[in-house]
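The values are calculated or read from the model by the stated rules, or taken from the named source; none is laboratory data. From a predicted model like this one, the values you see are computed outputs, not experimental measurements. Glycine gets a Cβ as well: all are built from the backbone with ideal geometry, and neighbour counts include every protein chain shown. The area values use the complete protein model at the heavy-atom level, side chains included, leaving out ligands, DNA and RNA. Shrake-Rupley method; radii C 1.70, N 1.55, O 1.52, S 1.80 Å.
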Amino acid sequence: MNNLPTVRASGWLNKVPEVTLSLWIIKIMSTTVGETGADFLAVNAGFGQGLTRTVMAALLTVALFTQLRTRRYTPWIYWLTVVLVSVVGTQITDLLTDGLGVSLYVSTSVFAVALAAIFFVWYRVERTLSIHDIVTRRRELFYWSAILCTFALGTAAGDLATEALGLGFTLGAVAFGALIGITYAAWRMGGNAVLTFWIGYILTRPFGAALGDLLTQAKTYGGLGMGAMWTSALFLSVIVMLVAVAQFSMNADRSAQATK
């Protein structure tokens, strides 16, 4: 899982970060921000669901266009896109559940089938699902399609577990955290690296969503009552700090290479 980025004749370098502890921390926090940020903008800030969806979809389009135009992994662009995908993925599920009345059982199943279809086509075309070789536009489009679907699926699965199945926020966070731990253990014991990565990536979404609800919801509803604004601000600050460190380190490495 720690192969060096591959260089192609097109001049592209791998467009996604290496799988490190920092990646998983930022990923989990971005999923929480997606859950709490969408709620804050739509409810606390008073934008409403319709305006929030429109603005976030537009911002995601701009961020994704910028990401696709780059030829190498650029931390601030990549993680900005991930955070916006998290917000939009949450809104897609909320629209289906709250706006259109689609059952969480149905939406979770549909997103699971859609993700499986993306992986199937991606593998049939590229013969790999590894994130260590995202060096063409087509592979990157497959990658971001899968990412968006994992966020929507994770949101639906998290809501299904914590609300429809009645696990609650605390038990839901513990349950999904345990599944992530089991996946990590499976990888350490020799499990397929690509498979365990994608399973872990999917599971971090419902874990982050359950964690976000646990922190933001009022104590009467089983939460800790921190509120969407403070939780979003706290997690977003940590994301910005970690991404800034990654960006600074990358810029320093490139400057050092340029002077050799």
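Does GLY172 count as closer than 20 Å to LEU104 by Cα, in a helix (DSSP H, G or I) and within 19 Å of the chain's Cα centre (by Cα)?
In short, yes.
Can you pull out every residue in the stretch 37-56 that is at negative phi and in a loop (DSSP other than H, G, I, E, B)?
Within the stretch 37-56, ALA45, PHE47 meet the criteria.
For VAL102, all conditions in the list (1) part of a helix (DSSP H, G or I); (2) closer than 24 Å to THR52 by Cβ; (3) over 13 Å from the mean Cα position of the chain (by Cα) hold save one; what is the number of the exception?
The single condition VAL102 does not satisfy is (1).
Can you confirm whether the stretch 68-91 contains a residue that is under 25 Å from PRO206 (Cβ atoms), touching a Cys at 6+ places or on another chain (Cβ under 7 Å) and of a type outside the set (D, E, K, R)?
There is no residue in the stretch 68-91 that is under 25 Å from PRO206 (Cβ atoms), touching a Cys at 6+ places or on another chain (Cβ under 7 Å) and of a type outside the set (D, E, K, R).
For the stretch 147-166, which positions are more than 19 Å from THR32 (Cα to Cα) and free of Cβ contacts under 8 Å to residues at least 60 places away in the same chain? Give the steps one after another, and end with the answer.
Initial filter on the stretch 147-166 (more than 19 Å from THR32 (Cα to Cα)): 164-166.
Answer for the stretch 147-166, where residues must be more than 19 Å from THR32 (Cα to Cα) and free of Cβ contacts under 8 Å to residues at least 60 places away in the same chain: LEU165, GLY166.
Of everything in the stretch 68-96 that's polar (S, T, N, Q) and part of a loop (DSSP other than H, G, I, E, B), which residue is farthest from the chain's Cα centre (by Cα)?
Result: THR70.
What residue, among those in the stretch 18-41 that are of a type in the set (Ser, Thr, Tyr) and farther than 17 Å from THR150 by Cα, is least open to solvent (accessible area, probe 1.4 Å)? First the steps, then the outcome.
Going residue by residue through the stretch 18-41, those that are of a type in the set (Ser, Thr, Tyr) are 20, 22, 30-32, 36.
Remaining after also requiring farther than 17 Å from THR150 by Cα: 20, 22, 36.
Values: THR20: 62, SER22: 46, THR36: 2 Å².
Restricting to residues being of a type in the set (Ser, Thr, Tyr) and farther than 17 Å from THR150 by Cα, the top hit is THR36.
Condition check ((1) polar (S, T, N, Q); (2) outside any helix (DSSP H, G or I); (3) closer than 22 Å to GLY208 by Cα) across all residues:
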residue: SER109; (1), (2), (3): yes, no, yes
residue: ARG124; (1), (2), (3): no, no, no
residue: THR128; (1), (2), (3): yes, yes, no
residue: GLU140; (1), (2), (3): no, no, no
residue: ILE147; (1), (2), (3): no, no, yes
residue: ALA157; (1), (2), (3): no, no, yes
residue: ALA161; (1), (2), (3): no, no, yes
residue: ILE182; (1), (2), (3): no, no, yes
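Determine which member of the set THR54, THR66, THR81 is closer than 21 Å to GLU140 by Cβ, open to solvent by 40 Å² or more (accessible area, probe 1.4 Å) and of a type in the set (S, T, N, Q).
Exactly one residue qualifies, and that residue is THR66.
Evaluate the stretch 200-211: report whether one residue or more is without any contact (Cβ under 8 Å) to a residue 24 or more places away in the chain and under 19 Å from the mean Cα position of the chain (by Cα).
no
Can you confirm whether GLY177 is assigned to a loop (DSSP other than H, G, I, E, B) and farther than 21 Å from PRO17 by Cα?
Values: assigned to a loop (DSSP other than H, G, I, E, B): no; farther than 21 Å from PRO17 by Cα: yes.
Against the criterion (assigned to a loop (DSSP other than H, G, I, E, B) and farther than 21 Å from PRO17 by Cα), GLY177 does not qualify.
Take ASP98 and decide whether it is among the acidic types (Asp, Glu), more than 29 Å from ARG137 (Cα to Cα) and surrounded by 14 or more Cβ atoms within 10 Å (Cβ to Cβ).
Spelling it out, it is not the case that ASP98 is among the acidic types (Asp, Glu), more than 29 Å from ARG137 (Cα to Cα) and surrounded by 14 or more Cβ atoms within 10 Å (Cβ to Cβ).
Can you find a residue that is within 26 Å of PHE235 (Cα to Cα), out of contact with any Asp or Glu (no Cβ under 6 Å at 6 or more places or on another chain), modelled with pLDDT under 90 and not polar (S, T, N, Q) anywhere in the stretch 77-87?
Yes: one or more hits.
Does any residue in the stretch 214-230 that is closer than 15 Å to ASP39 by Cα come within less than 8 Å, Cβ to Cβ, of a residue that is among the basic types (Lys, Arg) six or more places away or on a different chain, and which pairs are these?
These pairs meet every condition: GLY225/LYS219.
Are any residues in the stretch 223-235 assigned to a loop (DSSP other than H, G, I, E, B) and open to solvent by 30 Å² or more (accessible area, probe 1.4 Å), and if so, which ones?
LEU224, GLY225, MET226
What do you reckon, is LEU141 open to solvent by 60 Å² or more (accessible area, probe 1.4 Å) and more than 27 Å from ALA57 (Cα to Cα)? Before you say what the answer is, go through the steps one by one.
On the way: open to solvent by 60 Å² or more (accessible area, probe 1.4 Å): yes; more than 27 Å from ALA57 (Cα to Cα): no.
Considered against the rule, which asks whether it is open to solvent by 60 Å² or more (accessible area, probe 1.4 Å) and more than 27 Å from ALA57 (Cα to Cα), LEU141 comes out as no.
Can you pull out every residue in the stretch 181-222 that is of a type in the set (Val, Ile, Thr) and either surrounded by fewer than 18 Cβ atoms within 10 Å (Cβ to Cβ) or within 15 Å of VAL19 (Cα to Cα) (or both)?
ILE182, THR183, VAL194, THR196, ILE199, ILE202, THR204, THR220
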